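A single structure is presented below for examination.
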Amino acid sequence: MPIFKDIIMTTAKNQTYQPTTTLDISAMPNNLIFEDQGIATPLAINENNQPIIVMLTLKAGSKANNAHATSDGRVRFLTVVKGTLYYADGNEVDPAKEIAYPAGSTLLIASGTNHWVASHDGDVTFILTAVENENLAPYVTAQQNAAQNNS
């Protein structure tokens, strides 16, 4: 795979070696979210001081009262780290539309897509990574386009 090979080779040639760091997420500043049902911890920010990687944890039984969407033009990768996330697209919260995504699942959420999340079975932790649409790998864009054509 040419893209991956280029990343590995570039990193190996230009790497300044430093030890791997285990992050203590609990010691980092965080924000209450989801009407105090969870916390968001920014892990990386862009040049405008906007979060681009955020770890979120929702308490067991958390559920959205309203659908929401981003409007900044960036797509979000949502990766479930722990637990089961219930997620659905739509303008109105409807638990019957929710799909269960276990740990290891990765979703791609386009800017402007109304959606909601819930954590019915237990605590759930997930990571959101925001990127510019033009920076998606070609095979990610292909899957995104295929999904749009099938909807």
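The values are calculated or read from the model by the stated rules, or taken from the named source; none is laboratory data. It should be emphasised that the depicted structure is a prediction, and the values quoted were computed from it without experimental measurement. Don't worry about glycine lacking a Cβ; one is built from the backbone with ideal geometry, like all the others, and counts go over all protein chains shown.
Given the conditions (1) closer than 28 Å to residue 23 by Cβ; (2) in a loop (DSSP other than H, G, I, E, B), report the number of the one that residue 93 does not fulfil.
(1)
Same structure, new question: Out of all the residues in the stretch 70-92, which are at pLDDT below 95 and hydrophobic (A, V, I, L, M, F, W, C)?
none
Can I ask one more? For the stretch 27-44, indicate whether the set of residues that are hydroxyl-bearing (Ser, Thr, Tyr) and more than 23 Å from residue 145 (Cα to Cα) is non-empty. Lay out the reasoning, then the answer.
At the first step, the residues of the stretch 27-44 found to be hydroxyl-bearing (Ser, Thr, Tyr) are 41.
When the remaining residues are screened for being more than 23 Å from residue 145 (Cα to Cα), the result is 41.
Yes; the residues of the stretch 27-44 include at least one that is hydroxyl-bearing (Ser, Thr, Tyr) and more than 23 Å from residue 145 (Cα to Cα).
Here is a follow-up. Which residues, taken from the stretch 33-69, are at pLDDT below 90 and exposed (fewer than 12 other Cβ atoms within 10 Å of the Cβ)?
Within the stretch 33-69, 35, 36, 65 meet the criteria.
Restricting to the stretch 96-112, name every residue that is under 23 Å from residue 133 (Cα atoms) and either part of a strand (DSSP E or B) or among the aromatic types (Phe, Trp, Tyr) (or both). Show your work before the answer.
Taking the stretch 96-112 first, the residues under 23 Å from residue 133 (Cα atoms) are 104-112.
Across the stretch 96-112, the qualifying residues are 106, 107, 108, 109.
In the stretch 113-128, what residues are within 15 Å of the chain's Cα centre (by Cα) and either more than 14 Å from residue 61 (Cβ to Cβ) or loosely packed, with under 15 Cβ neighbours inside 10 Å (or both)?
Correct list: 113, 114, 115, 116, 125, 126, 127, 128.
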